[in-house]
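The next block holds one structure in the form of structure tokens; read it before the comments.
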Amino acid sequence: MERTYIMIKPDGVQRGLVGEIIKRFEQKGFKLVAMKITMPSKEHMETHYEDLKTKKFFPGLIAYMTSGPVCAMVWEGKGACLEGRKMLGATMPSDSAMGTIRGDYCIEVGRNICHGSDSVESANKEIAHWFPEGVCEWESCEASWIYE
């Protein structure tokens, strides 16, 4: 099964949306294999977003992402990366359909509630970065009701 990294950003945590976002991933049928609430350091976030370091908005992004706790999660399931991104909606909330997390809860791109891995390769890198201790390996009793 594929794994993806999903992070609820400081605005999502502060607005009390952690439970709602977890609920959506669980209802979809994905399995939670790692989760923690953490206050990432500036260095940790700079490594996470290293591909954006040349962008003008980078300093503001790092300041925002270290302004409060985040909820770091690893979800497992068939097509978890692509499906997770669909569930989040477009990066720009105004381009996100209603029914997506960003379409339902966001207005501005600088406060778009979640980060989701854009590929399996990115997910593996992000999971290793956020969960160096590894993830929980377990079997869900729901698996036979979700997958053929």
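The values are calculated or read from the model by the stated rules, or taken from the named source; none is laboratory data. Note that the structure is a prediction, hence the values are computed from the model and not measured. Because the Cβ atoms are built from the backbone with ideal geometry, glycine has one as well, and the counts that use them run over all protein chains shown. Accessible surface is based on the protein model in full, side chains and every heavy atom, while ligands, DNA and RNA are left aside. Shrake-Rupley method; radii C 1.70, N 1.55, O 1.52, S 1.80 Å.
The table that follows gives values for the structure above.
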| read-out | value |
| --- | --- |
| Which numbered condition TYR64 fails, given (1) open to solvent by 90 Å² or more (accessible area, probe 1.4 Å); (2) touching a residue at least 12 places away in the same chain (Cβ under 8 Å); (3) not β-branched (Val, Ile, Thr) | (1) |
| Number of positions in region 102-148 that are within 18 Å of PHE30 (Cα to Cα), of a type in the set (D, E, K, R) and in contact with a Gly (Cβ under 9 Å, 6 or more places away or on another chain) | 1 |
| Residue ranges of helices (runs of 4 or more DSSP H) in region 57-148 with at least 1 members among the aromatic types (Phe, Trp, Tyr) | 58-65, 101-105, 120-130, 143-146 |
| Top-ranked residue of region 115-148 - restricted to ones that are over 18 Å from the mean Cα position of the chain (by Cα) and among the hydrophobic types (A, V, I, L, M, F, W, C), ranked as farthest from PRO69 (Cα to Cα) | TRP145 |
| Selection within region 1-19 - more than 15 Å from VAL74 (Cα to Cα) and touching a residue at least 12 places away in the same chain (Cβ under 8 Å) | PRO10, ASP11, GLY12, VAL13, GLN14, ARG15, LEU17 |
| Cβ pairs under 7 Å, 6+ apart, first in region 79-91 and touching a residue at least 12 places away in the same chain (Cβ under 8 Å) and open to solvent by 30 Å² or more (accessible area, probe 1.4 Å), second of a type in the set (Gly, Ala, Ser) and not in a loop (DSSP other than H, G, I, E, B) | ARG85/GLY116 |
| Residue within region 34-49 that is out of contact with any strand residue (DSSP E or B) (no Cβ under 7 Å at 6 or more places or on another chain) and under 14 Å from ASN112 (Cβ atoms) present | yes |
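Every residue, every condition in (1) within 20 Å of GLY89 (Cβ to Cβ); (2) surrounded by 12 or more Cβ atoms within 10 Å (Cβ to Cβ); (3) small (Gly, Ala, Ser), yes or no:
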{"residue": "ARG3", "(1), (2), (3)": "no, yes, no"}
{"residue": "GLY16", "(1), (2), (3)": "yes, no, yes"}
{"residue": "GLY29", "(1), (2), (3)": "yes, yes, yes"}
{"residue": "GLU43", "(1), (2), (3)": "no, no, no"}
{"residue": "GLY60", "(1), (2), (3)": "no, no, yes"}
{"residue": "MET73", "(1), (2), (3)": "yes, yes, no"}
{"residue": "GLY77", "(1), (2), (3)": "yes, yes, yes"}
